[in-house]
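This report refers to the structure that appears directly beneath it.
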Amino acid sequence: MLTVRFGGLAALNQVNFEVQRGEIRAIIGPNGAGKSTFFNCLTGVLRPTAGKIYFNGEDITGLSSDRVSQKGIARSYQITNIMPNATALENVRVAAQSRRHSWNMVRHCMSFQDLVEKAEQALDKVGLLAKANELASNLSHGEQRNLEIGIALATEPTLLCLDEPTAGMSAAETHETMALVRRIAKDFTILIVEHDMPLVMELASRITVLNYGAVLADGPPAEIQKNPRVQEAYLKT
Amino acid sequence: MSATAPSSEPLVQVEGLHTYYGKSHILHGVTLEVGRGEVVGLIGRNGVGKSTTLKTIMGLVNARQGEIRLEGSSITHEAPHRLARRGIGYVPEDRRIFRLLTVMENLRTGFDREGVTESRKKMLLDKVFAYFPVLAERRDQAGGTLSGGEQQMLAIARAMMLEPKIILLDEPTEGLMPRMVSQIHQIIDALHKEGVAILLVEQNVPLTLEASQRIYIMEKGMVRHHCATSEITVNDPLIKQYLGV
Amino acid sequence: MNTIISFIQNIPLDLLLIQTVNGIVTGMILALVASGLTLIFGIMDVVNFAHGELFMLGAYVGVVVFALTGNFWIALILATMIVAILGAAMQILTLRPLIGRDPLTTILATFGISLILQNYVLWQFGPVARKISEPITTHFNLFYLEYPWYRLVIAGLSAALIGLFWVFLKQSKFGVWIRATTQDRVMAQAMGIPVPWVYTGVFAIGAALAAASGVLFAPMAGVTHTMGLDWVLKAFIVVVVGGMGSLGGSIAAAIFISLLEAYAAIWVSPAQAVIVSFIVLILTLLFRPTGLFVPTPK
């Protein structure tokens, strides 16, 4: 049960939420429903006012975001968060490096072969291996968004949280990203916040609808589509 | 679907607008128009680019491609303060009133223009206070002390001070109680009666269908459908497709 | 405990009062200089490193006008107006093109201008200090000192100028424009306020305030090409301690710091008393970084 209060207003009000391993779970809801707040709590950016978060049986409530990342939850952001002056490979390699500790100050970072390989694998999964040595700022918007997913993948997460991965993409790029997510879905559990309804309906195995900080409905796409309260919430009828 | 054609040349025309935020391609060629005195609704889900369309028209965001015309002349890269003086009022999504200025000073930023006589200022103030008596009560209070609904009214009143030909209204009912929502509806109707055109961005579909003469439906940065509001109802499958789930 | 009591009892009361007066006088000039600086920062996020040179330029223009007319007050008014115009020109030519760019570029630009102004003045007027005679040469007896009336006039005039400026900000149309633009530049534009010109106007006003301080201060010390340097440093400290962008805060901070320095000068040399301002600055940054005199820390 998760509650987050901002001042007097509950951004999330007693939200109960469970994800099973291997699901592709979409979180949708109209403006201000609390989707970002939920993600922020999950990934340690925000501390919930009340309630607990359990991951893999462990209580991770209130852990800082770097600790949460170490536990195996990775996140991509709504506003692209890559390092523009580094190559695609370097962006991902740094993420891979976070999982491995080395005090060695003399070896060149690229000589850690296993890390470079992990990075290349992640790039391959998101279809950017050909652009490994390209500066991240030179990539197209869609490629940058996918790089963001690649960075998350390189941390070898158990749970992948995607925050509006197709924001600002053309129809073609959206299609590609959708295919990408389907490809990697078999290896991870995925939580995705999106506004693009056709995408959500096709991709998700289960959908949770938030409205005014509370869970409005929860179920497979077909059920959600038929739910009159969900339509009401979106159309404000 | 045919739209009811405006009786004269359209007031505002937007053609093939492409807007980016950095590399993020938000508007993929938006085309729409608003006739003189018309209330036109712009609806669509979150993140499709409705607010961005308004911001681009107002010159607050740069259009990379495409054209915007006001009464026939191109205003695509015109500075926002000039557009305000030419008759475009803007009421943003988060109201954005000047919190440290009093209600009166907020209104002042609108009517303190050249060519406005003292008597006209008084007339404008009287008019706005008639529409929004609450603002008259709070005229010397700082904007930041007003409630959400009052701030929304102040934001609209402030734009009205410009005596605009068209008001760009961005989600005026968001976060407001139902009683205030109907008040906003009344204000839109009143402005329409005065001949002020309104481009209304909203997520509240029933309100938009009732208040507007025509609507445009947007998805993923483009206009997907437009028609007269007389030709469509809330239960239309198109509405479900583009706005619902 | 006893040593503290005897220490306090030993402070000469008359010296304390004299230093209080001195502190207030310096404080008011500093407040005038700092007001312009904090205004410019508050509205357009520009750190104006040339502000001290506008002060200095005001003094030099004052020297020239004074030499031509022999009248201090005409010098004050003309210098203020001329430097205001120069300030506007400076903003239009060098700072407007930089709007929207990395703030570092404006810092470098204003710093460059300060160097140009200093050296121009050095070239034109030479290294010897110039003088403007004070308009009022009478003294009165402040304890054992013959205290010049002129110093009190400076304090009074500075206060009057600041007061005028405050009223201007609160009541006039342009004042409302300035305050609106400071709070929300984007919505100010959407309300038809010509923000680029508001920036120019504010810069001109800031320059005018600095120039006026320069002319007022000139009779107290000489007019040299480096006179701006001391003042700009203190002015920056005042702006930070008073809360960046807060006019009331700068005024309070200016007087506060000047008084502390004046009191410190009772025991140490004035050159060493300057350390006090730096201590106040460091403490402010450590404990109340938004400003000592800003009501609610955000």
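Since every read-out is calculated from the coordinates, none of them should be taken as a lab result. As the structure is a prediction and not an experimental result, all values here were calculated from the model. For neighbour counting, all protein chains shown are included, and Cβ atoms are generated from backbone atoms with ideal geometry for every residue, glycine included.
Return the FRET efficiency for the residue pair C:Tyr120, C:Ser269: r is the Cβ-Cβ distance, R0 is 45 Å, and the value is rounded to the nearest 0.05. With a Förster radius of 45 Å, E is 0.85. Between the alpha-carbon centers of the range A:142-158 and the range C:153-176, tell me the distance in whole angstrom. Between the Cα centres of the range A:142-158 and the range C:153-176 lies a distance of 57 Å. Counting every C-alpha pair in the range C:141-298, the share spaced more than 21 angstrom apart comes to 57%. Shielding of peptide C:190-202 by partners, expressed as the average count of other chain Cβ atoms within 10 Å per residue Cβ, is 6. When chain C is modelled as a GNM with alpha-carbon springs shorter than 10 Å, which of C:Tyr199, C:Tyr60, C:Tyr120 fluctuates the most? With Cα springs under 10 Å in chain C, the top fluctuation among C:Tyr199, C:Tyr60, C:Tyr120 is at C:Tyr120. A straight line joining the Cα centroids of the range C:11-52 and the range B:205-219 runs 58 Å.
Annotation for C:Val128 and C:Leu68: the two label points, set 7 Å from Cα along the Cα-Cβ direction, are 2.2 nm apart. Compute the Cα gyration tensor for chain C, then decide on rounded, prolate or oblate, letting a ≥ b ≥ c be the square roots of its eigenvalues: rounded whenever a/c is under 1.5, prolate when a/b is larger than b/c in the other cases, and oblate in all that remain. Oblate, because a/c is 1.5 or more while a/b does not exceed b/c. Bridges between two residues of the range B:135-241, per DSSP, are antiparallel at a rate of about 55%. Assuming charge only on the beta carbon of Lys and Arg (+1) and of Asp and Glu (-1), the dipole of chain A about its Cα centre is about 540 debye to the nearest 20.
Looking at the range B:12-243, the DSSP beta bridges with both ends there are about 55 percent antiparallel.
Put the Cα centre of the range B:128-172 next to the Cα centre of the range C:70-102 and the gap is 38 Å.
One equal scatterer on each Cα of the range B:12-243, no solvent, Debye formula: the resulting log10 I(q)/I(0) at q = 0.09 Å⁻¹ is -0.36.
Loop-located trypsin sites (Lys or Arg not before Pro) across the range A:13-60 with a Cβ neighbour count of 15 or fewer within 10 Å are A:Arg21, A:Lys52, with loop assigned by DSSP.
Evaluated at q = 0.10, 0.11 Å⁻¹, the base-10 log of the normalised Debye intensity for chain A, with identical point scatterers placed on the Cα atoms, takes the values -0.49, -0.58. Here the Kirkwood formula puts the hydrodynamic radius of the protein assembly as shown at 30.4 Å, using every distinct Cα pair. Around the Cα centre of the range C:19-287, unit charges on the Cβ atoms of Lys, Arg, Asp and Glu (plus for the first two, minus for the last two) sum to a dipole of about 400 debye.
Per residue of peptide B:80-93, the mean number of Cβ atoms on other chains within 10 Å of the residue Cβ is 4.
Counting, for every residue in A:26-34, the Cβ atoms of other protein chains within 10 Å of its Cβ and taking the mean gives 2.
Helices of chain C meeting both criteria, an alpha-carbon length of 15 angstrom or more along the long axis and an average Kyte-Doolittle score not below 1.6, with helices taken as full DSSP H segments, are C:13-44, C:72-90, C:195-217, C:227-242, C:247-264, C:275-287.
Each peptide among A:38-51, C:160-173, C:37-50, C:103-116 gets the average number of other Cβ atoms lying within 10 Å of its residues, and from highest to lowest they stand as C:37-50, A:38-51, C:103-116, C:160-173. Note the angle between two axes, namely the Cα long axis of helix A:141-154 and the longest principal axis of the Cα atoms of chain A, as a number of degrees from 0 to 90, rounded to the nearest 10. The angle comes out near 80 degrees. Considering only DSSP beta bridges with both partners in the protein assembly as shown, what is the antiparallel share in %, to the nearest 5? Just about 55 percent of them are antiparallel. Radius of gyration over Kirkwood radius for the range B:6-121, both on Cα atoms: the Rg/Rh ratio is 1.00.
A convex hull fitted around the alpha carbon atoms of the range C:236-275 yields 47 Å³ per residue.
Here the protein assembly as shown is assigned +1 on the Cβ of each Lys and Arg and -1 on the Cβ of each Asp and Glu. Its dipole about the Cα centre then comes out at about 560 debye. Ranking A:Thr166, A:Ala86, A:Ser76 by how far each Cα lies toward the positive end of the dipole of the range A:58-168 (charges on Cβ) leaves A:Ala86 at the top.
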